[in-house]
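Quick notes on the structure that follows.
The numbers here are math on the coordinates, done by the rules we state, and not lab data. Because the structure is predicted, anything quoted here is derived from the model rather than measured. Reconstructed Cβ throughout: ideal geometry from the backbone, glycine too, with neighbour counts over all protein chains shown.
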Amino acid sequence: MNCRKTNILSLLQGGTHFLIPCYQRSYAWTQEQCSDLWLDLKRLVAQREQFPELNAVHFMGSIVVQTTQYVPMAEVRARELGVLIIDGQQRLTTMYLLYLALAQVARQRLEQNAEYAALVSELDVFLQDACDKEHGTGWQPPFTLSGTDQVDLKRLVAGYEARFNQTSLLTSNYQYFCQQLAAESDLCALYEATRAFELVEISLERGDDPQLIFETLNARGLALTTWDKIRNFALMDLDYDDSQRCYQNLWQPLEQYLHASEHDDFIYFYLEVKRQTESNLTTLYYDFKQLCQTSGRSKEAVLQDLLSYADLFAQLSYCHVPLVPSSELDPRERSGLQTELNLCLKRLQLTRSNDWLPFVLQCLMSYRARALSVKELIHVLQLIEVYVTRCWLVSLGRQSLEPFFITLYQDVVALHDDVSEVGAGAGTAADGAADTVADAAADVASEFVARLVQVLRSERANMPDDAQVQKALRDTNFNFTTGRQIAMRNYVLARLEEGYAPQDKLAERIPIIDVLWQDSQALTCEHIMPQKLSDVWRKTLGSNYEKIHARWTHRLANLTLTPITESTPTRAFRKSARWSMACPKARFASIAPSPSISTGLSQIWCNAPTSSISWRSRSGRILRSMVKPSCCPLSWGELWSFDAPNHENTINKHKSVI
């Protein structure tokens with residue numbers, strides 16, 4: 001590499017067209033960073049005026065550039081040299097905005113002060129690229145920024161304020177500099193002071209590692225996120241054409257699948273799928289980098305793999321996994337299975353646990369490869385819901401299931417000694433699988449589910465039995481305060497309500513799980529016997545009212561779900577009559593099943609006596625409901641009694657697609 005001392009003005013005046021690589025993050029400086037830069041400039045002006053003999057300077061750090069092997073003429077315009085900005089684009093772009101604002105304010109003062117004509121002329125030389133008369137595009141900035149930033153910058157250079165993008169950071173920072181400069185009396189002094197904004201220009205040569213240099217430099221500005229670093233690593237060492245193609249075809253679609261708040265979570269679980277070990281949020285980038293370097297795959301293959309898993313991750317977030325094409329399903333059956341699959345995903349999401357994500361991602365990838373049928377996928381999701389719910393009820397969230405789920409997929413396959421590969425490789429599974437996979441899908445899927453049941457019954461899974469779950473439901477104080485515990489309590493109540501829901505006209509009702517999934521605040525947990533007893537309640541409960549109240553207030557037998565809002569998710573059903581805190585009969589009478597929501601558990605309390613025996617009886621009825629197959633989070637039902645087919649060799653056809 002070559003290093004030379006220069007200043008920001010000389011760098012911009014050097015006749016260079018600057019290319020910001022597509023793998024760089026978009027312009028991210030806010031007014032906070034621009035304010036710091038402005039104060040540095042004002043401080044420098046004051047120092048040079050007070051102590052002119054010192055020739056005070058301000059060091060801006062380093063900028064890393066790399067001359068491009070090929071730069072399209074449409075990008076370079078009239079400039080002969082194009083360079084990639086490997087590090088320093090935030091500072092360089094911000095200084096360009098400062099000079100652009102300086103030229104604008106000086107232009108506005110030309111009528112009052114003709115001395116600014118020379119300043120405007122000098123600024124225009126490097127602020128605007130040559131005019132493209134042939135294409136009629138007018139003045140162009142000497143920058144090619146990434147993404148939509150380029151369009152916003154062109155509008156600033158053109159100067160048509162009506163077309164400025166007011167949501168762009170480029171626009172807001174440009175306007176900030178215009179406001180600050182408008183309050184200054186000597187624009188020329190400010191301009192001359194920028195000649196003392198010194199920096200070190202590092203020019204990379206063949207053989208230099210731009211990624212390593214980029215990581216070791218601590219440039220001034222916003223810290224790079226894990227997502228930024230991964231993007232840079234994946235695209236940096238590609239040539240210009242390949243990086244543009246991969247960015248447009250792979251990285252941009254990848255970002256469209258994920259919200260910015262989901263980036264770290266996605267990489268976290270992607271690494272768990274690939275590495276089969278727990279991830280660490282503080283080392284995600286380095287773990288990802290090591291995985292790529294040891295996998296032997298090209299950067300493009302890595303991006304394709306990320307894109308494939310990001311698609312599945314987004315489907316899980318929205319609880320909608322489109323069914324793969326199949327000629328075996330008629331439209332009505334297909335619609336019913338789609339609804340059932342989405343409902344299974346919503347139930348898993350409502351458990352407020354992400355421990356199951358690595359396993360479910362692999363199952364979805366296997367489903368895409370047609371190694372699992374949709375019916376077997378639904379069966380798998382129901383089994384996982386049973387396991388997660390039972391473990392939570394017994395441990396109340398104190399037990400982490402993450403280590404178990406990370407290796408569960410491989411554990412299921414490894415139950416057979418001789419495992420051969422089936423299905424498409426990761427990154428290509430979404431495009432279809434081999435014919436042999438489709439032919440053997442039914443047998444393989446059935447065998448996979450049977451093996452999953454076998455693993456869940458094993459000692460390692462430590463599945464709570466019926467007695468443990470019944471004891472937890474009977475004795476647990478459900479007066480929770482933490483977010484996940486409250487959500488899980490409401491989920492358990494909702495699933496019990498579903499189990500008691502009358503089957504007649506069920507299709508006309510809104511599933512209570514849908515209500516909770518759309519708005520977790522739409523339903524609230526209500527106490528049948530109030531937390532604070534009135535005189536009427538004390539009289540009704542009898543002489544042992546204190547003991548009854550202390551024992552049953554926060555037990556499951558005294559809890560139910562009721563709608564509390566008329567928001568969109570609950571607009572379709574009627575809220576029950578206002579409960580009377582004083583009168584037990586009015587309170588019980590108000591717990592009638594809503595006509596348009598799938599619920600039925602509340603019938604247990606309607607018009608019932610209020611003695612301790614009654615509460616014990618209600619508790620017993622709830623516990624006995626666990627044996628109903630419809631209450632699958634609490635009972636294995638038909639799921640647990642799954643009989644494995646006698647196909648010893650079919651598991652050989654099913655291997656992880658990771």
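Please state, rounded to one decimal and in Å, the Kirkwood hydrodynamic radius that the stretch 246-305 gives when every pair of distinct Cα atoms enters the mean of 1/r. Numbers along the way, then the final one.
On the way: mean 1/r = 0.0816 Å⁻¹.
Over the stretch 246-305, the inverse of the mean reciprocal pair distance is 12.3 Å.
When the alpha carbon coordinates of the stretch 145-273 are projected onto the principal axes, the ranges are 61, 38, 28 Å, largest first. Taken over the stretch 272-321, the alpha-carbon convex hull comes to 90 cubic angstrom per residue. Restricting the chymotrypsin sites (Phe, Trp or Tyr not before Pro) of the stretch 157-210 to loop positions (DSSP other than H, G, I, E, B) with no more than 11 neighbouring Cβ atoms within 10 Å leaves Y160. Rg and Dmax, both from the Cα atoms of the stretch 308-415 and both in Å, are 14.2, 46.
With N residues in the stretch 320-367, what two-decimal value do you get for its Cα radius of gyration over 2.2 N^0.38 Å? Kindly include the intermediate steps, with their values, before the conclusion.
Working: Rg = 12.3 Å, N = 48, 2.2 N^0.38 = 9.6 Å.
With N residues counted in the stretch 320-367, Rg over 2.2 N^0.38 Å equals 1.29.
Name the shape class, rounded, prolate or oblate, that the alpha-carbon gyration tensor gives for the stretch 338-391, where a ≥ b ≥ c are the square roots of its eigenvalues, rounded holds for a/c under 1.5, and otherwise prolate holds if a/b is larger than b/c and oblate otherwise. Mind dumping the intermediate values first?
On the way: a/c = 1.93, a/b = 1.50, b/c = 1.28.
It is prolate, given that a/c is not under 1.5 and a/b is the larger ratio.
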